[in-house]
Amino acid sequence: MAMPPAEKVIVVDANPSKNGHGDKFDDLPVADETSHQIGVDPWYQVAFVLTTGVNSAYVLGYSGSLMVPLGWVGGSVGLLLAAAVSMYANSLLGRLHLLGGKRHIRYRDLAGHIYGPKMYKITWAMQYVNLFMINTGFIIIAGQALKALYLLISTDGAMKLPYCIAVSGFVCALFAFGIPYLSALRIWLGFSTIFSLTYIFAACVLSLKDGFRSPPRDYSIQGEPSSRVFTTIGAAASLVFAYNTGMLPEIQATVQAPVVKNIEKALWFQFTAGSVPLYAIIVIGYWAYGNQTTTYLLNNVTGPVWIKAVANLAAFLQTVIALHIFASPMYEYLDTRFGSKVGGPFAMHNVIFRVGVRGGYLAVNTLMAAALPFLGDFMSLTGALSTFPLTFVLANHMYLVANRQRLSSLQKSWHWLNIVFFTVLSITAAVAALRLIARDSKTYHIFADV
């Protein structure tokens with residue numbers, strides 16, 4: 001696909017006082033065709049999509065993967081700083097949606113419009129890695145929840161983690177067959193919110209009970225100084241992973257006009273009210289168990305079996321819905337590139353197509369999850385390889401290129417500072433994450449029952 005050269009890029013600002021046109025620009029054509037619905041969702045539905053990602057079952061691992069290696073001060077300050085820079089970077093990205101007289105409904109379309117076809121391919125590759133790793137992590141979490149649920153019912157140990165991961169992947173595939181595109185989630189987002197609040201509330205209440213009944217906890221950061229450096233850098237990558245999807249243009253593509261103002265409303269909701277459950281479970285979990293907090297908090301808590309069972313089941317079901325959100329860019333690509341343009345989404349030949357291509361994609365995800373079920377390491381590596389470059393490096397540089405005629409020298413310097421800082425952080429975080437994976441691979445064998 002031919003891309004316009006960077007010199008022809010113009011910015012269409014969402015503020016009518018700046019461009020004199022206002023919301024009529026939201027009727028602009030899209031940069032490339034798609035077989036999925038776009039521009040039909042109210043801002044609050046998009047806000048729930050973003051909040052579903054933030055409060056997914058990944059939150060059950062943040063007390064152990066973020067606070068344990070960073071401690072109270074580093075973890076608390078890091079969470080607030082990561083939220084601030086993530087909100088800023090995503091806002092920059094959202095303002096570029098109407099660039100050059102077209103709606104850019106995919107991250108790679110936007111990058112290709114600004115930089116050219118080579119960057120279009122590179123961005124798609126980075127985003128694919130990002131979403132593949134996130135989805136692999138979701139299947140690991142679903143497997144952990146299913147195994148924890150099984151152990152509450154039976155102690156024979158017959159259901160190992162790899163088996164639970166296989167079942168989780170199969171259920172995720174069944175859900176993917178029935179939901180044709182992102183906008184079709186609708187009522188499922190409500191169920192997702194209920195599931196999220198269920199396991200977060202249960203984990204918080206049981207953790208508080210344990211914390212008040214337990215002796216003083218140890219909050220010191222464990223490990224040798226050399227290893228602590230790597231775990232700290234890896235935790236920093238996980239911090240930004242917690243807030244960012246790596247697919248904001250694809251989510252913004254579903255929102256109704258005015259698209260820039262509405263995505264900013266959704267982002268404000270995500271980073272304010274939508275993040276309260278995230279903060280609650282991270283802080284309470286770490287307070288209750290100190291540096292003994294695991295990367296799946298429901299393994300720490302004690303209490304009535306039925307409450308723990310409901311919490312684990314809710315975590316499993318929410319993960320199935322959340323994975324569909326993060327897999328939707330790949331589904332959209334496969335449906336648009338290879339799918340039939342004839343008939344509705346539930347025509348038999350379209351359903352069979354989804355079973356084949358989505359089932360194959362999730363089979364690969366499931367195999368990877370079962371082979372290397374190290375959740376904390378996956379979060380760190382994903383943050384390093386793709387979340388940092390996509391959300392912070394590219395967002396700042398694209399905004400800089402698109403607005404280079406309007407930005408002051410000080411503003412340009414600010415964006416370059418962000419670009420250099422997050423590039424360096426991305427490289428060091430990738431090294432740290434690979435080191436952690438190599439370490440854990442020596443401790444556990446492939447297809448380990450961790």
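The values are calculated or read from the model by the stated rules, or taken from the named source; none is laboratory data. Please read all numbers here as calculations on a predicted model, not as lab measurements. In this analysis, Cβ positions are derived from the backbone assuming ideal geometry, glycine residues included, and neighbour counts consider all displayed protein chains. Remember, those area values only see protein heavy atoms, side chains included, never the ligands or the DNA or RNA. Shrake-Rupley method; radii C 1.70, N 1.55, O 1.52, S 1.80 Å.
Observations on the model:
- Filter result for L248 (open to solvent by 10 Å² or more (accessible area, probe 1.4 Å) and modelled with pLDDT of 90 or more): no
- Where helices (runs of 4 or more DSSP H) fall wholly inside segment 248-319, the ranges with 1 or more residues that are acidic (D, E) are 248-252, 259-271.
- Residue within segment 228-237 that is buried (at least 18 other Cβ atoms within 10 Å of the Cβ), of a type in the set (V, I, T) and within 18 Å of the chain's Cα centre (by Cα) present: no
- Filter result for L149 (open to solvent by 10 Å² or more (accessible area, probe 1.4 Å), touching a residue at least 24 places away in the same chain (Cβ under 8 Å) and either touching a Cys at 6+ places or on another chain (Cβ under 8 Å) or more than 23 Å from L407 (Cα to Cα) (or both)): yes
- Residues within segment 104-146 that are open to solvent by less than 30 Å² (accessible area, probe 1.4 Å) and either among the aromatic types (F, W, Y) or part of a loop (DSSP other than H, G, I, E, B) (or both), tallied: 7
- Pairs where the first residue, in segment 196-215, is under 14 Å from L298 (Cα atoms) and the second is polar (S, T, N, Q) and in a helix (DSSP H, G or I), C-beta under 6 Å, 6+ apart: S196/Q318
- A single entry from V77, V11 fulfils the requirement of being open to solvent by 20 Å² or more (accessible area, probe 1.4 Å) and at pLDDT 90 or above: V77.
- Qualifying residue in segment 301-322 (condition: more than 14 Å from the chain's Cα centre (by Cα), under 27 Å from S426 (Cα atoms) and of a type in the set (K, R)): no
- Against the criterion of being under 18 Å from Y58 (Cα atoms) and within 19 Å of the chain's Cα centre (by Cα), G285 does not qualify.
- Among (1) touching a Phe, Trp or Tyr at 6+ places or on another chain (Cβ under 7 Å); (2) open to solvent by 20 Å² or more (accessible area, probe 1.4 Å) - the single one F212 does not satisfy: (1)
- For segment 35-67, residues that are in contact with a helix residue (DSSP H, G or I) (Cβ under 7 Å, 6 or more places away or on another chain), open to solvent by 30 Å² or more (accessible area, probe 1.4 Å) and assigned to a helix (DSSP H, G or I) total 2.
- The number of residues in segment 295-316 being surrounded by 21 or more Cβ atoms within 10 Å (Cβ to Cβ), under 25 Å from F48 (Cα atoms) and hydrophobic (A, V, I, L, M, F, W, C) comes to 6.
- For first residues located in segment 400-425 and under 27 Å from G383 (Cβ atoms), partners that are open to solvent by 40 Å² or more (accessible area, probe 1.4 Å) and part of a helix (DSSP H, G or I) and lie 6+ apart or on another chain with Cβ distances below 7 Å form the pairs L400/K412; I419/H397.
- Checked against (1) surrounded by fewer than 19 Cβ atoms within 10 Å (Cβ to Cβ); (2) of a type in the set (S, T, Y); (3) touching a residue at least 24 places away in the same chain (Cβ under 8 Å), T272 meets all criteria but (3).
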